[in-house]
């Protein structure tokens, strides 16, 4: 028997807050987390990105909605005294790498071109889904960049750079193609505020770890691992995010207060003039978490009849003509007498054609057509 | 966003045609290290390559992502492995399933495929998404089509090598992000059964770690009248004696994996742990179950622990194995190989491959396959093969020269190794200068050349059985046995790391600065001299002087300067 009618029932716990439920206007969350530095001494940039990844996963965004780009591998690097771990705190308290991590772009794949292609969606057709940013006009996107930067640029893998104008243009392309509803941009590099100076698309909010002319500093080194483990701004950001849980009501104004100058030495900056809502009414979980909204329906929905189970193969009835065999792994005699492969016939190359044309031309010019009948 | 909850009455249940087996083999190595090999096998009696009504749409134990890949790209056999570290044959013997460092992928496509290269390119991209690896770097510059190596390991009479593609990425890093999706392909995930032991912090803190996926069609039963698809996921790891063992040859499951086993995977039809006791180690808890298997040409004895039986777990509902052994019986491998680069400077060099045959009186043939990237230009006229300081002419040579930026070199040779000898294969090469955009961001690290593959039929000490039975332990039934007196083995050499002549990447910046400075200073000054007039501009005199001049003007006396 098959069921044709379907009932869909829902219970909404806080029916009174229905009005608030649909106030933010987004239906899904995406995150693009990029670490742009290569080499072991840039361990802290990978730790920065992984700590944001960890928070974002903890607050509900699934791996399929996170594009994680790490320019180098620190966890399984041969210099790491504790393989498969990336620590954020000097007493090795918090392993931000964890046991369940999926890196989408790694190593040499993290380039300016790939980053911009991910943002704008212009990827080659054979790119797998996990490497794409499949956002729509109701997506809230969190973009986090970290690495080495300067006034107006961010360095990728010590060999190329992205400028603030390119980034602003990429966001404008995203806006015109309706690839985001609201976008939060966080950058933790030296002179980070210069990267958001040129933004001009609506619904963008940006945070940076330092102003133009200031350096972002790293937090603390670990003597066992031998490098600095994290940057100051992201360290305090992680501390702040550890307090946030999916039902938290913390808003963006709290995020702006993270890491004041007394802790960070540099002055974190933010930009909200392009953002339409008031930052005080934007929840942290609007960008860092994935709080699902549900819609109730009491209508019946008709399903088509279910898929027929596959027809049973007639088992013992048919007898194969010959039984199948395994192939010999190293058939020496066969290999020795293997005929050389027939090369595919190619039409003669351009050079040969040209040469023959020249010869024929000279021949006919010398002897003339009318003499042909004497030759043939 | 809509969320629906469905009730669908289950249709008449068809008998389960898939089964899952898991097994762990622990073998103490003579050097004090310990070798653990996990094998997970899913057998499914179906046909992916069928079209129409019978197209597979319901997946139970077989992972759907791989099933869809197989049917979309008409794959007959797929072998992919990710390895960190190098297998030391001299100290550890032969592995059950060998693999080269980095990533290796070889695929046999079905003979109905018309565009093999297109399917190969898309397949590598899809696999890079499934395994979180940079397999999209596999393209025509590192893919080869071997003509005699890599025959299908499963059923089929496909010997047309046009449907075979082989590629290796020696630089590929293996870490938890590759293990996570690999574990998710298992029916029980990492929640139950043997897979609970796979914690990345312990697995990657080892001398050798290799995880692989092998998919092939095999005989469904002894008569071999129909095919079944087999998916084998293998994980081989060698734990280091000195960093973890503190110098004592004493191991336990908890010490190795920081976990103990609590239950078998409920979806598994068999779940066993085999421990190699041929060298008489002390084992606790003891077990009466023993099994003998002929593997890699040698008869070994194993203690078997069956995890599907509740008494294996004892009172504490947890199974922890303790192993203590002494004595070092060295099982000298009959075949092993080395490879290195000789020469100096950044222009030329020489690749030496040395193959050792340690059998006292038997000679056997080996098939050496070398795939060298195009930027090492090989001079094949300098190829020499010498055994025991005499020339050894290979009975079969297949060479496909490289095409710059299109194709790598492929060299395959069938060499007969004399007994108890060392054979050396040398070829000279010249390094090419790449275009400056083709260099990686860290070019001074060097460029990798993939491992050579040596396939051989090694004479076995014990007669091997050619019967295929379902009851054989998984680790001894991977390679189909065709004759009793020799077994097939594949040995991988080291990958090479070669420095290419690297330009100074700051030169464009230097040139621009210098040119601009020269132009500005030289031409600029000249231009100014020619086109500008110079006037002396008097600065306004100070207040005192101005006052004095004012008074002097009144007096009618000449002014001050």
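Details
- Taking a ≥ b ≥ c as the square roots of the eigenvalues of the Cα gyration tensor, the stretch A:26-286 is classed as rounded, since a/c falls below 1.5.
- Once the Cα atoms are used to define both axes, helix B:64-73 deviates from the longest principal axis of chain B by about 80 degrees.
- Annotation: peptides A:44-56, A:113-125, ranked by per-residue average of other Cβ atoms within 10 Å with the highest first, follow the order A:44-56, A:113-125.
- Using the Cβ-Cβ distance between residue B:526 and residue A:165 with R0 set to 22 Å, the FRET efficiency from 1/(1 + (r/R0)^6) comes to roughly 0.05.
- By the count of neighbouring beta-carbon atoms within 10 Å, fewest first, A:104, B:240 end up ordered B:240, A:104.
- At R0 = 60 Å, FRET efficiency that the Cβ-Cβ distance of residue A:200 and residue B:361 yields, to 0.05: 0.15
- Beta bridges per DSSP, both residues in the stretch B:19-324: antiparallel share near 90 percent.
- Computed over the protein assembly as shown, Kirkwood Rh from alpha-carbon pairs, angstrom: 32.5
- Residues residue B:90 and residue B:465, FRET efficiency given R0 of 22 Å [Cβ-Cβ distance, rounded to 0.05]: 0.15
- Summary value for chain B: 14 percent relative contact order, contacts being C-alpha pairs under 8 angstrom separated by 6+ residues.
- Ranking of A:252, B:507, B:140 by count of other Cβ atoms within 10 Å, fewest first: B:507, B:140, A:252
- For the segment B:221-228, counting C-beta atoms of other chains within 10 Å of every residue's C-beta and taking the mean gives 3.
- Mean partner shielding of peptide B:169-177, defined as the number of other chain Cβ atoms within 10 Å of each residue Cβ, is 6.
- Pairwise Cα distances in the stretch B:19-324 exceed 34 Å in 23 percent of cases.
- Cα gyration tensor category, rounded, prolate or oblate, for chain B with a/c compared to 1.5: prolate
- Computed extension gain for residue B:248 through residue B:380, at 0.36 nm per residue and net of the alpha carbon distance, reaches 42.5 nm.
- Looking at the protein assembly as shown, the DSSP beta bridges with both ends there are about 80 percent antiparallel.
- 222 nm mean residue ellipticity, helices alone, for chain B (DSSP H n ≥ 4; -39,500 (n - 2.57); rounded to 500): -4000 deg cm²/dmol
- Peptides ranked, highest mean first, by Cβ atoms within 10 Å: ranges A:230-240, B:439-449: A:230-240, B:439-449
- Counting only alpha carbon atoms, the long axis of helix B:507-518 and the longest principal axis of chain B meet at about 0°.
- For the stretch B:335-498, share of DSSP beta bridges that run antiparallel, in % to the nearest 5: 100
- For the segment A:94-105, counting C-beta atoms of other chains within 10 Å of every residue's C-beta and taking the mean gives 5.
- Within the stretch B:346-385: backbone nitrogen closer than 20 Å to the residue B:430 label point (7 Å, Cα to C-beta): B:346-352, B:372-384
- In terms of other Cβ atoms within 10 Å, B:516, A:76 run from fewest to most in the order B:516, A:76.
- Using alpha-carbon coordinates, inclination of helix B:116-131 to the longest axis of chain B, degrees: 90
- Between residue A:27 and residue B:278, the modelled labels are 6.3 nm apart [label points 7 Å from Cα along Cα→Cβ].
- With both labels modelled 7 Å from their Cα along Cα-to-Cβ, the residue A:277 to residue B:538 distance reads 7.3 nm.
- Packing-based order for B:370-378, B:64-72, A:187-195, B:116-124, using average beta carbon neighbours within 10 Å, highest first: A:187-195, B:370-378, B:116-124, B:64-72
- Taking label positions 7 Å along the Cα-Cβ direction at both residue B:58 and residue A:337, the computed distance is 5.0 nm, reported to one decimal.
- Tensor-based shape of the stretch B:60-120 (alpha-carbon gyration tensor, a/c under 1.5 rounded, otherwise prolate or oblate): prolate
Each reported figure results from applying straightforward, stated rules to the coordinates on display, with no laboratory input. In this text, all values refer to a predicted model and were calculated from it rather than measured experimentally. Reconstructed Cβ throughout: ideal geometry from the backbone, glycine too, with neighbour counts over all protein chains shown.
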